[in-house]
Amino acid sequence: MIFLQIILAVISGVVAGTFTGLMPGIHINFVAMTLLIFSKYFLSYFQPLTLAVFIVSMAIAHSFLDFVPSIFLSAPNSETALSIMPGHKLLLKGNGYAAVRLSITGCYIGMIILIITTPLLMIAMPFIYGSIKNSMGLILIAAVLFLMINEKKRFWAFFIFLLSGALGLITLELPIKEPLFPLLTGLFGASMIITSISEKTELPEQKITCIKLDKKEYAKISSSGLIASSLCSFLPGLGASQAAVIASDINGRMNSRTFLVLLGIISTLVTGLNFVAIYAINKPRSGVAVVASKILETTDNYHLAVLLAAALISAGIAFVLSLCFAKIFARYISRINYTKISLGILGILVAMTFFVSGIIGSIVLITATFIGLFAISKGIRKMHLMGCLMLPVILYFI
Amino acid sequence: MMERISLIVSFIGIIVLLVLSQFVEPKTISIKEVDETIIGQTISIYGNITSVRNFENIELLSVESLEDTSRITVVVFEKADISEGIAKITGKVKEYNNQIEIEAAEIKIG
């Protein structure tokens, strides 16, 4: 009976995660919080573990499906903002499908790394947690500085880092709902969409092919992804974005393809490790993990094993679903005038921002969009716009 | 041209938001919503101060929700001789010694 419940929870979790992943602006935390509000009602029918399985499956599926709208529509959810630029590059060459395939291959690799390293991290993390915590401020500052040094236009990179950082600091203080949505949508999504519109971008016919990477490259980005993700999954306020900055320091310059795989690995690995943190250090480290831990109440290793198994199954289903949706997008996107699609998406993003985060949120969106446009016109890598999340976190840790 | 316009709008936006942030009240949430996900944010809570512990430099308040049984620790860095009772507390959410707590910036009693 419990087995059947869990399988059902996995399937419905994947369906929910597919929905939140494909829709820009609907954050997975929102669904999880809704679930928590009704949890008393659900708990009279289902075991806590079943609900936790639902949440984990949803989070994992979300981390896969998230890449489809980011790459095809430049519409980010909060974890995939950095994939828009490399994804768009491949899209312009007719390789949108391959771009999704690369990212979610990364996601699946992340899932496998999660399963392999969880026992190790469970033992190691309680011991090294304290030292990471104390040195995190320095690690983050070093990560940012390395990123600057590698840039040709160092002054402007630093300037854009500070500008987006200032916006991030102010936005997180404002009393708005989902502050990250207008912030990241403006910096990474809307600015990109407006550039496509003003350049009258036309998409070529999309090919259904896959791009293969060298095994050595996979090994290299997997290890840097693992190091960065485990640094950022166990501390408050850190997540996939900070992990991406650290991992790209470790790797040095990457092309669009390897960068997409790296972002995939980090996206799923961080999502998974946020849950593992509940068991390793008794701290849930993401909105969805907080909800799962509130529902579960107790922590035992049997639960963790069930959750990991559920995550692995969800990852498999989400992989296939992502490819299906990517195929659908690839087939139709070049038939419709891309400027019209872009205008439509821009309209949806603006409406969602107004609806979710109100008037102040809309001002954040406008400001963020123009900072993003400034970075594009200066030819500065979008990574530096992550100052919006790096600066507040650095100030928190020092 | 585009560069200059984006730079100007960015600055105006940041200044407008900065001014707004000085005037808009931080969002008020219930104590059970204070968790890991909002660490670093400034928020307000309503609650009943049930105990005040005095230390050398700080005061630790134990605050209970008015709606349910959830509670939270509030740290006050300036000695203010706070009394027990219902209050509105505004401050930053922090993690200290593995506990979530609020670092008070303003406390209105009653």
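The values are calculated or read from the model by the stated rules, or taken from the named source; none is laboratory data. All values reported here derive from a predicted model rather than from experimental measurement. Virtual Cβ from ideal backbone geometry, glycine too; neighbours counted across all protein chains shown. Side chains are part of the model used for accessible areas, which takes the heavy atoms of the whole protein and leaves out ligands, DNA and RNA. Shrake-Rupley method; radii C 1.70, N 1.55, O 1.52, S 1.80 Å.
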| note | Probe 1.4 Å, all chains present, heavy atoms only: residue B:25 accessible area in Å², nearest 10, is 110 Å²
| query | If you roll a 1.4 Å probe over the protein assembly as shown with all protein chains in place, what percent of the accessible area is carbon or sulfur? | reply | 66 percent
| task | Output the residues of region A:334-370 meeting this criterion: accessible area (heavy atoms, 1.4 Å probe) in the chain alone minus accessible area with all protein chains in place is 30 Å² or greater. | result | A:360, A:363, A:367, A:370
| Chain-alone versus full-assembly comparison, region B:66-110, residues with accessible loss of at least 40 Å² (1.4 Å probe) | B:95, B:98
| field | Angle in degrees between helix B:2-23 and the longest Cα principal axis of chain B, rounded to the nearest 10 | value | 30 degrees
| note | For the residue A:331, residue A:223 Cβ pair and Förster radius 51 Å, calculated FRET efficiency rounded to 0.05 is 0.90
| field | For the pair A and B, total buried accessible area rounded to nearest 100 Å², probe 1.4 Å | value | 2800 Å²
| Rel. contact order, % - alpha carbon contacts under 8 angstrom, at least six apart, chain A | 32 percent
| said: Test of understanding: in a Gaussian network model of chain A with alpha carbons linked when under 10 Å, which of A:247, A:166, A:280 would top the mean-square fluctuation ranking? | reply: A:166
| request: Rank A:122, A:316, A:374 by how far each Cα sits towards the positive end of the charge dipole of chain A (+1 on Lys, Arg Cβ; -1 on Asp, Glu Cβ) and give me just the farthest. | output: A:374
| task | Note down the net charge around residue A:164, summing +1 for each Lys or Arg and -1 for each Asp or Glu among other residues with Cβ under 13 Å from its Cβ. | result | +3
| remark: TM-like helix rule applied to chain A (DSSP H, alpha carbon span at least 27 Å on the long axis, mean Kyte-Doolittle at least -1.0) gives A:2-22, A:96-149, A:154-173, A:256-280, A:301-333, A:338-378
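Does chain A come out rounded, prolate or oblate, given a ≥ b ≥ c as the square roots of the eigenvalues of its C-alpha gyration tensor, rounded meaning a/c under 1.5 and, failing that, prolate meaning a/b above b/c? Numbers along the way, then the final one.
Working: a/c = 1.42, a/b = 1.24, b/c = 1.14.
It comes out rounded by the Cα gyration axes.
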| message | Could you sort A:2, B:102, A:336 by their accessible area in this structure, using a 1.4 Å probe and putting the largest first? | response | A:336, A:2, B:102
| Considering only protein heavy atoms, what per residue accessible area in square angstrom results for chain A with a 1.4 angstrom probe? | 39 Å²
| query | Which one of A:222, A:377, A:241 has the biggest mean-square fluctuation once chain A is modelled by GNM with Cα springs under 10 Å? | reply | A:377
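If DNA, RNA and ligands are ignored and the probe is 1.4 Å, what is the ranking of B:24, A:364 by accessible area, most exposed first? Each step should come with its number before you reach the end.
On the way: B:24 50, A:364 0 Å².
Sorted descending by solvent-accessible area, the residues read B:24, A:364.
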| residue A:340: which aspartates and glutamates have alpha carbons under 18 Å from its alpha carbon, excluding same-chain residues fewer than 8 sequence positions away? | A:199, A:202, A:205
| field | Most fluctuating residue given options A:173, A:79, A:151, as computed from a GNM of chain A linking Cα atoms under 10 Å | value | A:173
| Residues in region A:15-40 near a label at residue B:35, defined as backbone nitrogen under 13 Å from the 7 Å Cα→Cβ point? | A:29-40
| note | With the full set of protein chains present, the residues of region A:161-204 whose 1.4 Å probe accessible area falls by 30 Å² or more relative to the chain alone are A:163, A:170, A:172, A:173, A:174, A:175
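Largest first, how would A:238, B:66 line up by accessible area (1.4 Å probe)? Show your work: numbers first, answer last.
On the way: A:238 10, B:66 95 Å².
Largest accessible area first, the list is B:66, A:238.
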| query | Say each of residue A:134 and residue A:216 gets a label point 7 Å from the Cα, pointing the same way as Cα to Cβ; how far apart are those two points in nm? | reply | 4.0 nm
| Solvent-accessible surface (1.4 angstrom probe) belonging to residue A:7, in square angstrom, nearest 10 | 60 Å²
| field | Cα gyration tensor shape of chain B, rounded if a/c is under 1.5, else prolate or oblate by comparing a/b with b/c | value | prolate
| For chain B, what is the accessible area per residue in Å² when the probe is 1.4 Å? | 58 Å²
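Given the DSSP H assignment, sum -39500 (n - 2.57) over each helix run of at least 4 residues in the protein assembly as shown and divide by its residue total; what's the result at 222 nm in deg cm²/dmol, nearest 500?
Details: 18 runs with 329 residues, N = 508.
Calculated at 222 nm, the ellipticity per residue is -22000 deg cm²/dmol.
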